[in-house]
Amino acid sequence: MSRMTGKRALITGAASGLGFAIAQKFVDEGGEVFLTDLNEDGARANAETLGAKAMKHDVTSEEDWKAAIKRADEALGGFNVLVNNAGIGAFGSVEDDSFESYKKVVAVDLDSVFLGCKYALGVMKGHAPGSIINISSIAGLLGQAELASYNAAKAGVWLLTKSVALHCAKRRYDIRANSVHPAFIKTPILDGMKEALGIETDEELHKNLARGIPLKCIGEPDDVAYACVYLASDESKFVTGTELKIDGGLSAW
Ligand code: NAI
């Protein structure tokens, strides 16, 4: 498989769920990856299975971003794909959520994407054509009473991505930027929903969530990973500033 030949990617949040699935698909398709995560052991273990390198990286830290970009640049000999994937979930209405929790969600889910785009472009410009993939959420496009901070952060990622796409186009960098908007995908991030909904098993949670999806199932990590291969590769060379929904029809109701 060679859809990702010549593509070298820095992927955040790669110790778990979607980040690891995206990394696996990139490598399966002939790409090279550098993994980062707050969970250093998890990122290193995943990198080992892919023959790749990894490092500890808190995506809310400007200094960590500078270090991660330097290390990825050295490890990969420059990179041309950035996947801003690291993120956290949060439940709470605007009345129930604390300001502290709101600020944390915005820092991890939105500020991180600003920092990643800001600093990665310096390296990516020298290795174009390039692609930035920002993992937002269907909750970045549709509001929900109990997702005040998550809605705010993920909606920010949606329009920030368009601004980055237009900036890169205006400067003729040959770097594209797009956002991805999954609905429920089977990863550990859903554990928080079990608690919030008072559900005990994964199976019960998945069934419960599937009821609200037109396709009557929830997603697998590979559903998102395949989309990222498309957006990272030159197959999508005319696609920038767009939003790709991977939601089983949820937003088509
Ligand atoms: P996950 O919980 O399996 O993985 C998230 C990863 O981000 C973890 O490895 C965690 O250690 C890392 N992380 C958290 N805070 C960090 C920080 N400050 N610095 C660096 N790494 C940090 O969750 P999943 O599902 O793989 O999430 C990936 C992205 O997909 C997130 O942005 C999430 O909001 C988004 N998403 C997930 C959906 C789902 O249903 N699984 C649906 C829509 C969006």
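The values are calculated or read from the model by the stated rules, or taken from the named source; none is laboratory data. All values derive from a computational prediction rather than experimental measurement. No Cβ is skipped: glycine too gets one built from the backbone with ideal geometry, and neighbour counts run over all protein chains shown. Note: accessible area is taken over every heavy atom of the protein model, side chains too, but ligands, DNA and RNA are not part of it. Shrake-Rupley method; radii C 1.70, N 1.55, O 1.52, S 1.80 Å.
Numbers for the structure displayed
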{"quantity": "C-alpha center-to-center spacing [segment 72-131, segment 139-165] in angstrom", "calculated": "13 Å"}
{"quantity": "Solvent-free Debye scattering, log10 I(q)/I(0), computed from the Cα coordinates of segment 138-195 at q = 0.17, 0.24, 0.25 Å⁻¹", "calculated": "-0.66, -0.96, -1.00"}
{"quantity": "For Leu38, net neighbour charge (Lys/Arg +1, Asp/Glu -1) across residues whose Cβ lies under 10 Å away", "calculated": "-3"}
{"quantity": "Exposure of Asp191 as accessible area (Å², to 10), given a probe of 1.4 Å and all protein chains", "calculated": "70 Å²"}
{"quantity": "Helix axis angle, 40-50 relative to the chain longest principal axis, alpha carbon, degrees", "calculated": "60 degrees"}
{"quantity": "Whole-Å distance, taken between Cα centres, linking segment 187-231 and segment 12-46", "calculated": "20 Å"}
{"quantity": "Solvent-free Debye scattering, log10 I(q)/I(0), computed from the Cα coordinates of segment 1-50 at q = 0.15, 0.22, 0.23 Å⁻¹", "calculated": "-0.32, -0.66, -0.71"}
{"quantity": "Charge dipole magnitude, Cβ of K and R +1, D and E -1 - the chain, Cα centre, debye nearest 20", "calculated": "1220 debye"}
{"quantity": "Folded to 0 to 90 degrees: helix 112-124 orientation relative to the chain principal axis, Cα", "calculated": "20 degrees"}
{"quantity": "Per residue, the convex hull volume that the Cα atoms of segment 105-239 enclose (Å³)", "calculated": "115 Å³"}
{"quantity": "Relative contact order (percent, whole number), the chain, Cα cutoff 8 Å, 6+ residue spacing", "calculated": "20 percent"}
{"quantity": "Inverse of mean 1/r across different Cα pairs in the chain, Kirkwood, Å", "calculated": "18.1 Å"}
{"quantity": "Rounded to 10°, Cα long-axis angle of helix 148-170 versus longest principal axis of the chain", "calculated": "30 degrees"}
{"quantity": "Computed [θ] at 222 nm, helices only, for the chain once each DSSP H run of length n ≥ 4 contributes -39500 (n - 2.57)", "calculated": "-13500 deg cm²/dmol"}
{"quantity": "Whole-number percent relative contact order across segment 8-91, with pairs defined as alpha carbons under 8 Å at least 6 apart", "calculated": "37 percent"}
